[in-house]
Amino acid sequence: MRLSDYDINTIHSTTLQSTEVITPEDSEAEVRHLVLRFDDEPFHYVEGQSIGVLAPGPYEFGNNHHFRLYSIASPSQGDDYRGNSLSICVRRCFSIDDISGERYPGLASNYLCDAIPGDTISITGPYGLQFKMPENEDANLLMVGVGTGIAPFRAFVKNIHKRKGGWKGKVRLFFGARSGVETLYLNQLRSDLALYYDKASFQAFEAVSPKPQNNEPPDLHRCILDNAVESWQLMQDPKTYVYIAGLVEVGRRFELAMEILAGGKEEWQDTKASLIASGRYAELLYE
Ligand SMILES: Cc1cc2nc3c(=O)[nH]c(=O)nc-3n(C[C@H](O)[C@H](O)[C@H](O)COP(=O)(O)OP(=O)(O)OC[C@H]3O[C@@H](n4cnc5c(N)ncnc54)[C@H](O)[C@@H]3O)c2cc1C
């Protein structure tokens, strides 16, 4: 779906309650956890949905705002379970001009990363139901999220802990971040995922960058292959739900690993088709 296809006619006003850097100080990347409090009527959403953010203009071509999407990173009642807020996790982005090499700040992400508590932020949505959690507590969850792709899974894991009081199926999270030390939401500064999961069923596997000094992306492919036997067994289990989130490159690396585990491209496509047909496969990938 193109950005221009999203309905942005209903705009909700929110106030930025808090903004916190969640990447370590020595990381080149800046990712922030933002909590937005609803100003007027309640804003209903579920885990796995995204919101639109309208960065105020004016901008080129007469646009009054710049619209971008962000995955909701809190459970449906908010991080504090009071029902009047939501959280997002935003990476400060830049685009590089191919010819001049010049770096231009991304409008929406820089607007959000520069915002201070008390600022008003206009949002739209929520959009999408791609990442609906299964009701059945015996279900296995296989989650793959690199960089900001971890946001929807944070909501899942918090929700499992709070609402369900533990989960009976296996929960597996493959995650990673560009610098290897920058382990979103699982870093030493804020080991908050560790507070929420039930240790008996939850395991997280960190993909690290083969060359962090060159800023190479984490090796998700290797990380999945290192856990090949269990990953593939889970993929065959009719109780398993698969979720992939993050940049398009993450999806590509996941597919490559699965093709090896399945014994070929076609074999993996067959498995994926049956997962999709039974509503057990969802992707949330962005450029
Ligand atoms: C469904 C959906 C959910 C999304 N969820 C999130 C989210 O939870 N957190 C988040 O930070 N972004 C998320 N994004 C990306 C976000 O919508 C914006 O594209 C991003 O913030 C850049 O917007 P901008 O206006 O700042 O810069 P733009 O000028 O639009 O882009 C600047 C550059 O940043 C790159 N870029 C975009 N997103 C990322 C990213 N997450 N990590 C690294 N590079 C990136 C772009 O390819 C481009 O080269 C999501 C996108 C979609 C479609």
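The values are calculated or read from the model by the stated rules, or taken from the named source; none is laboratory data. On a predicted model such as this, the values are computed, not experimentally measured, just so you know. Counting neighbours? That spans all protein chains shown, and the Cβs are built from the backbone with ideal geometry, glycine included.
A few points about this structure:
- Residue list for segment 129-162, filter: in a loop (DSSP other than H, G, I, E, B) and modelled with pLDDT under 90: LEU129, GLN130, PHE131, LYS132, MET133, PRO134, GLU135, ASN136, GLU137, ASP138
- Residues of segment 1-25 satisfying the condition of being touching a Lys or Arg at 6+ places or on another chain (Cβ under 9 Å) and exposed (fewer than 14 other Cβ atoms within 10 Å of the Cβ): LEU3, GLU20
- Scanning segment 92-123 for residues that are within 12 Å of the ligand (Cβ to nearest atom) and touching a residue at least 60 places away in the same chain (Cβ under 8 Å) yields a total of 3.
- Selection over segment 1-26 of residues that are away from the ligand (no atom under 13 Å from the Cβ), out of contact with any Leu (no Cβ under 6 Å at 6 or more places or on another chain) and among the polar types (S, T, N, Q) gives a count of 6.
- Segment 92-103: number of residues that are in contact with a Ser or Thr (Cβ under 9 Å, 6 or more places away or on another chain) and not in a strand (DSSP E or B): 2
- Scanning segment 250-264 for residues that are away from the ligand (no atom under 16 Å from the Cβ) and either part of a helix (DSSP H, G or I) or within 17 Å of PHE131 (Cα to Cα) (or both) turns up PHE254, GLU255, LEU256, ALA257, MET258, GLU259, ILE260, LEU261, ALA262.
- Hits in segment 81-91 - residues which are more than 7 Å from the ligand (Cβ to nearest atom) and in a strand (DSSP E or B): SER85, LEU86, SER87
- Picking from residues in segment 265-285 that are buried (at least 17 other Cβ atoms within 10 Å of the Cβ) and within 16 Å of the ligand (Cβ to nearest atom), the one that is farthest from LEU141 (Cα to Cα) is LEU284.
- The residues of segment 26-85 that are surrounded by 17 or more Cβ atoms within 10 Å (Cβ to Cβ) and on the phi > 0 side of the Ramachandran plot, listed by number, are GLY48, GLY78.
- Residue check, TYR243 hydroxyl-bearing (Ser, Thr, Tyr) and surrounded by 18 or more Cβ atoms within 10 Å (Cβ to Cβ): yes
- Residue list for segment 220-249, restricted to those being within 16 Å of the ligand (Cβ to nearest atom) and modelled with pLDDT of 90 or more: TYR243, ILE244
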